[in-house]
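Reading through the structure tokens given below for one structure.
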Amino acid sequence: MGEYATRLVVGIGGRAGVSVAEVCALVEETLRAAGLTAGAVTALATVESKAGEAGITGAAKRFGVPLVSYPAEELARVVVPHPSEAARTACGTPSVAEAAALAAGGELLVPKRRSVAATCAVATAQPHDLRHHGDAEVLDADGALVDLAVNVRAQTPPEWLRQRIAGSLGDLAAYPDGRAARAAVAHRHGLPVERVLLTAGAAEAFVLIARALRAERPVVVHPQFTEPESALRDAGHRVDRVVLTAADGFRLDPAAVPEDADLVVVGNPTNPTSVLHPARTLASLARPGRVLVVDEAFMDAVPGEREALAGRTDLPGLVVLRSLTKTWGLAGLRIGYVLAEPEVIAKLAAAQPLWPVSTPALVAAEACTTPAALAEAEEAARQIAVDRAHLLAGLAEFEEVTVAGVAQGPFVLIRVEGAAEVRTRLRALGFAVRRGDTFPGLDRTWLRLAVRDRVTTGRLLQALDRALVLAGGR
């Protein structure tokens with residue numbers, strides 16, 4: 001059992017009023033009998049209707065791990081070895097303990113065990129490769145694949161931006177001076193420069209936040225870009241997760257975020273779900289003593305940037321991250337920025353190395369925040385909305401494909417049985433798409449597709465039809 005020593009999930013069921021002592025005793029006895037230790041447990045899991053039981057929530061606190069809950073209809077789809085009609089009638093799932101333990105996609109190690117008022121089961125936690133990103137799908141492809149795995153806008157950077165960047169190369173002998181670019185970003189959002197920090201892409205900002213800001217209970221809302229959690233873990237933080245579900249369209253309920261969370265990270269629009277959370281929903285998470293990090297890397301791909309929090313100064317602890325790499329095709333140049341209170345900006349800046357942003361990147365930041373560039377980005381966002389509607393209409397023709405949530409970003413998340421084989425077949429047909437199982441909260445049935453022009457989408461839909469046939473789905 002040593003291979004599972006650090007990653008276990010314990011599924012818990014219990015009658016109304018079950019005590020903390022009984023739940024803990026059952027879990028400890030179950031682990032001990034299997035040669036496992038409580039220190040190996042990364043989470044307790046249960047059905048949503050039991051998530052408020054004091055005995056179960058208290059047990060999670062005693063073990064020092066998060067309590068993850070799932071809708072009954074989601075657990076009902078999990079195949080369990082010991083189903084119970086009594087459990088199905090009472091809770092809507094044939095086994096709360098076994099289904100909850102297996103819901104993350106792991107392997108059952110200890111089947112359901114009972115005490116007087118509780119049940120538990122133990123499974124391996126399904127690991128997620130937090131370091132896997134879409135560019136891995138096209139490495140070494142030498143341009144042979146149509147890239148639908150990376151969300152950088154096609155045919156970018158535009159020629160005028162290439163020329164501006166190329167014109168900066170004569171200044172490479174001098175150290176970078178970020179004052180003009182910082183002022184340009186501040187002006188673009190109507191903020192003083194003290195509220196702006198330029199970074200080498202949004203990814204650097206996550207590292208700075210993890211290293212420079214103190215947090216006792218950081219919480220990351222998933223599924224979302226995995227770099228925030230990865231950076232927090234690398235910095236020594238123990239990270240709790242709030243996992244949104246497909247059954248609810250991956251919409252965020254602010255009540256799901258623990259009240260004592262002092263650092264909360266959420267994407268908007270969220271990668272990979274493409275869900276755009278209402279600004280008022282995210283704003284309700286802000287409070288004194290909490291840092292609220294909103295990743296708006298794809299907000300400039302939303303027409304009118306509706307629901308944006310960038311530029312807000314009335315929310316305590318708000319930190320907004322922006323990237324210029326997606327809309328403008330600058331992933332290889334690395335340029336983004338942070339908007340936050342001056343005190344937070346100062347802490348993040350102190351954690352940066354000297355001259356963190358190159359001269360060409362600074363020139364790009366200035367160029368991409370001019371009125372003309374903003375108008376071009378807005379037009380691109382409107383075209384993306386049209387192209388996304390065309391993609392969604394085509395996907396709706398496939399009975400095997402489900403689109404979860406209301407897509408508002410430059411990508412779409414789909415669910416299809418046999419997704420791994422479909423992805424392989426698409427690759428053989430010339431299309432690279434993003435696997436979804438590396439995102440916490442998703443499994444191997446999910447794929448992410450970047451939105452492209454109508455012609456490319458038409459070719460993709462033909463390839464998808466062929467891939468489904470070859471994979472035995474039709």
TODO: Check 474, 444 and return the single one that is touching a Phe, Trp or Tyr at 6+ places or on another chain (Cβ under 9 Å), more than 24 Å from residue 326 (Cα to Cα) and either of a type in the set (Lys, Arg) or modelled with pLDDT of 95 or more (or both).
DONE: 474
Open item on the list: Quick check on segment 347-360: of everything there that is touching a helix residue (DSSP H, G or I) at 6+ places or on another chain (Cβ under 8 Å) and not β-branched (Val, Ile, Thr), which residue is modelled with the lowest pLDDT?
Closed with: 356
- [ ] State the number of residues belonging to segment 250-305 that are assigned to a strand (DSSP E or B) and in contact (Cβ under 8 Å) with a residue 60 or more places away in the chain.
- [x] 3
- [ ] Give just the number: which of (1) surrounded by 17 or more Cβ atoms within 10 Å (Cβ to Cβ); (2) closer than 26 Å to residue 276 by Cβ does residue 371 not satisfy?
- [x] (1)
Task: Residues satisfying the stated conditions in segment 287-317, i.e. farther than 22 Å from residue 226 by Cα and among the small types (Gly, Ala, Ser) - done: 289, 304, 311
- [ ] Pick out, from segment 155-247, the strands (runs of 3 or more DSSP E) lying fully within it that include 2 or more residues that are touching a His at 6+ places or on another chain (Cβ under 7 Å).
- [x] 240-243
Open item on the list: On the basis of being surrounded by 17 or more Cβ atoms within 10 Å (Cβ to Cβ), touching a Lys or Arg at 6+ places or on another chain (Cβ under 6 Å) and free of Cβ contacts under 8 Å to residues at least 60 places away in the same chain, does residue 471 make the cut?
Closed with: yes
Open item on the list: Which condition from (1) within 23 Å of residue 21 (Cα to Cα); (2) open to solvent by less than 30 Å² (accessible area, probe 1.4 Å); (3) touching a strand residue (DSSP E or B) at 6+ places or on another chain (Cβ under 7 Å) is the one that residue 124 breaks?
Closed with: (1)
Open item on the list: Taking the condition of being farther than 25 Å from residue 213 by Cα and touching a Gly at 6+ places or on another chain (Cβ under 8 Å), how many residues in segment 241-269 meet it?
Closed with: 6
TODO: Give segment 170-181 a look and list any residue that's in contact (Cβ under 8 Å) with a residue 40 or more places away in the chain and either open to solvent by 40 Å² or more (accessible area, probe 1.4 Å) or under 24 Å from the mean Cα position of the chain (by Cα) (or both), or say none.
DONE: 171, 172, 174, 175, 177, 180
Task: In segment 424-445, residue surrounded by the fewest Cβ atoms within 10 Å (Cβ to Cβ) [restricted to those that are without any contact (Cβ under 8 Å) to a residue 40 or more places away in the chain and under 25 Å from the mean Cα position of the chain (by Cα)] - done: 424
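Listed here are the residues, each with its yes/no results for (1) touching a strand residue (DSSP E or B) at 6+ places or on another chain (Cβ under 7 Å); (2) not hydrophobic (A, V, I, L, M, F, W, C).
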residue	(1), (2)
281	no, yes
328	no, no
341	no, yes
348	yes, no
TODO: Give just the number: which of (1) in contact with a helix residue (DSSP H, G or I) (Cβ under 6 Å, 6 or more places away or on another chain); (2) over 17 Å from residue 404 (Cα atoms); (3) surrounded by fewer than 19 Cβ atoms within 10 Å (Cβ to Cβ); (4) modelled with pLDDT under 95 does residue 194 not satisfy?
DONE: (4)
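The values are calculated or read from the model by the stated rules, or taken from the named source; none is laboratory data. Since we're looking at a predicted model, the values are computed, not measured. Neighbour counts are summed over all protein chains in view; Cβ atoms, including those assigned to glycine, are modelled from backbone coordinates with ideal geometry. Just the protein is used for accessible areas: all its heavy atoms, side chains included, with ligands, DNA and RNA removed. Shrake-Rupley method; radii C 1.70, N 1.55, O 1.52, S 1.80 Å.
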